[in-house]
Amino acid sequence: MEGPHGGTLPALPHGAARHQSDIAAVQRILVGGRREQRPLPRGRLRRRGGSHPGVHTEPGVERAPRADGHDRDTGYGLERLTWLSQATTSSYEAVFGDALAYLKRATGAKRVDDRVLREYSKVAGMLKVESLADIREIRRQTAERVGIAVEELVAQVSPLEALYTICDHARALIFLLGDGVVPSNAREGYFARLLVRRGLRALKDLNITYSLADTVSFMIDQIREDYPEFFFNKGDILKLLKVEETRYKETLEKGRTTVAKIAEERKAAGKGFDVETLIELYDSHGLNPDVVRDFTDVPVEIPDDFYARVAARHERPTHVESEKKIQISRELPATKLRVYEDKRKRSFRAKVLAVEGEAVVLDQTYFYPEGGGQEADHGTIADREVYDVQRMGTSILHFVRGDATSVLKKRVACVIDGERREALMRNHTATHIVLGAARKALGNHVWQAGAHKAPDLARLDITHYDALTDAEVARIEELANGEVLGHHQVRAKVLARDVAEKKFGFRLYQGGSVPGGELRVVEIPKWDVEACGGTHVSRTSDVSLIKILRSTRIQDGVVRLEYAAGKGALEAIRKQTEDLRRVGEILAAPADQIVPTAERIMGEWKELRKVAQKATDERAAAKTKQEIETAKGTWPIVKDEVAQGVGFMMSMSKATASEPRVTGIYWAAAPNDVKLVLTRGVEVPVDAAELVRTVAPEFRGKGGGKPDFAQASFPNVDMARAAAAKLEELIRKKLGIESG
């Protein structure tokens, strides 16, 4: 039987109950069921399959790092020990006892014979489960050992397996969503979405009226004592789940139409749904193969390793932030970085230790090298312009314009561009302030997903399940400026890693992992804290002002905020004011009448557009009627190069579609290519989309559409004209019409 974290569970040894008290003592230490302090071995105990930020550690127990700096995965499987101590038929019954009872009451599920479950567990423990074929083999062997038919075994255990799935996925979602993962189509968000949808499917299969959010809510209450942080974030976790459940319902509604369309095409071609189509439906539309099968009578063959194939498609190397390529042919001397000693220092003297092309290495520097999303300081070294500063190992490379070999081994004057440094400090601190404001405005699921700080503009990517409304952006800006006005201290201090983690938790690492045994922690008390190596102002009021310029949903589950602070914010406001003044001049309206004047003009323009469109439609209908009369025949085919443009062509297409037995092929020049449409009346037995998809590539075009209307684009008129001729030929052949 598959374990809660994947893999298989071993069979429960006979006589386990006799040793229950002894094992329970170990269990209390490892699992934290009751507060019993014991010294642990040197090293770190981790959950099977990896550690988790939320894992409980006993008070007073030290987690001493290993001398080699590496963790060790013991492989014990703590849940197996819990199972062993309670002598249940499976680890699920031991770990999820209350939650299972809660769900079983809703299903009225019949009790499964203990002997069946024990044998099932034994067989599962001896086999490696990687596909549905492996599960079928487990069932076959179990049925043989118990002496019942496989069908009877499946009828007994399938509902229980679904219950186990719901419990396991609900618990995983508590940790994922509680730690800030937002369901999406990318990275860890994709895994969260997968768990939600599999959990919902299991609930549907059991016909349980509870929602997945109900189950998660129950389980959060059950683990409240050991994981108070999840109880504190319960509202956010349930909100994320409910949003995802609603989206899945919408996905199913849209998916039914999508599947029906593909099924029609497959049926016409005499084919079923192939694996690639199923994976595409799963990845792009969120429709698992079982749902597809429910929506159609066209054959759907689901491979045993379907989900493994989906996972393989999403496997990719961990993203590494791009770094500038620095080509240095020799090892360079180390530089003492002193920027944190005095962030206000703007001039100093230093010895030039090495010159490599445009790169100058000093014995010490107060220049900030690019890092953590913050751009580098600029300035001068020996009157030569410094346009970039980069780290390379223990060396700091200052890139200068002009030859610097004449100052090699000399002590020189170094000057930092103070205005640029101040702007970077304000924008970097503003990033921490905006992040805290976003979390307060949107919820604790908000985490930093990326950031960049330049002197004139900064951007922050945050995890969130939807695009931000204007009201939400305004609220974030209001909260951020409230913190600026609060005149709160911005603290920066170096702490031992374990001390920092114990005090602040894993939100320290929002900007990414930080190597080393010590962390430089930047904290705005009760607002934001993060391991950060950037330069900052001393108090929030030093930021002066924050202006959010725009909000963009850059990918599923990630929203980008762009903003400016201090002088940059004032400049942004000045520009907006100037733009508004110019709009007023164009509209000939005073400032307080710009909006109503614009609304009136837009209303008039829309009415005029309707009148113009009506006139175009009437002219197009008259032209189409004339061409249909010229075409004649049982199945008239109208083919025309439309000189009046794409808009007129679309009006002709609409007029053609209103004639039940008429087919129209039209093309017209667009700004960058040539557009072609194929449209037909309801009685014409041709598939416009299939014809266009077949013909367009032959003439360097591409297109698609629906059975009654399709369109394509071509690089030039000659290609479109040739494609139209080919389409007419195929349609005539399909309708049994002689060439005209």
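Derivation of every value follows stated rules applied to the coordinates shown; laboratory data play no part. Quick caveat: nothing in here was measured; it's all calculated off a predicted structure. Using ideal geometry, Cβ is built from the backbone for each residue, glycine included, and neighbour counts are taken over all protein chains shown.
Miscellaneous remarks
- Extension gain, D205-A334: 0.36 nm per intervening residue step, less the Cα-Cα distance, totals 40.0 nm.
- Residue-span extension gain [K632 to R401] - 0.36 nm each, minus C-alpha spacing: 75.4 nm
- Length gained on full extension, D592 to K254, computed as 0.36 nm times the residue gap minus the Cα-Cα distance: 117.2 nm.
- Of all aspartates and glutamates in the structure, the ones whose alpha carbon falls short of 14 Å from that of K409, not counting any fewer than 8 places away in one chain, are E356, D363.
- Shown is the FRET efficiency for D456 and L485, computed with R0 = 22 Å from the Cβ-Cβ distance and rounded to the nearest 0.05: 0.45.
- A simple spin-label model places the labels of N716 and T394 6.5 nm from each other, with each point 7 Å out along Cα-to-Cβ.
- Cβ-derived FRET efficiency at R0 60 Å, R115 paired with R497, nearest 0.05: 0.75
- Under 19 Å of direct C-alpha separation, and excluding same-chain neighbours fewer than eight residues apart, K239 reaches these lysines: K249, K440.
- Pair S538, D363: separation of 7 Å Cα→Cβ label points (nm): 3.0
- Cβ-derived FRET efficiency at R0 45 Å, E599 paired with F218, nearest 0.05: 0.35
- When L100, L177, L468 are sorted by how many other C-beta atoms sit within 10 angstrom of their C-beta, beginning with the fewest, the order is L100, L468, L177.
- For region 666-719, GluC sites (Glu not before Pro) meeting the loop criterion (DSSP other than H, G, I, E, B) and having at most 14 other Cβ atoms within 10 Å: E683.
- Beta bridges by DSSP in region 614-740, antiparallel share as percent, to the nearest 5: 80
- For the cross-link pairs K453/K493; K261/K706; K632/K706; K267/K702, the ones whose C-alpha atoms lie over 19 Å apart are K453/K493; K632/K706; K267/K702.
- Annotation for K267 and Q644: the two label points, set 7 Å from Cα along the Cα-Cβ direction, are 3.9 nm apart.
- Relative exposure of H432, H285, H169, judged by other C-beta atoms within 10 Å (fewest first): H285, H169, H432
- Amide H contacts for G379 (H built 1.01 Å from N in the peptide plane; partners 5 or more residues away or on another chain; cut-off under 5 Å): V386, D417.
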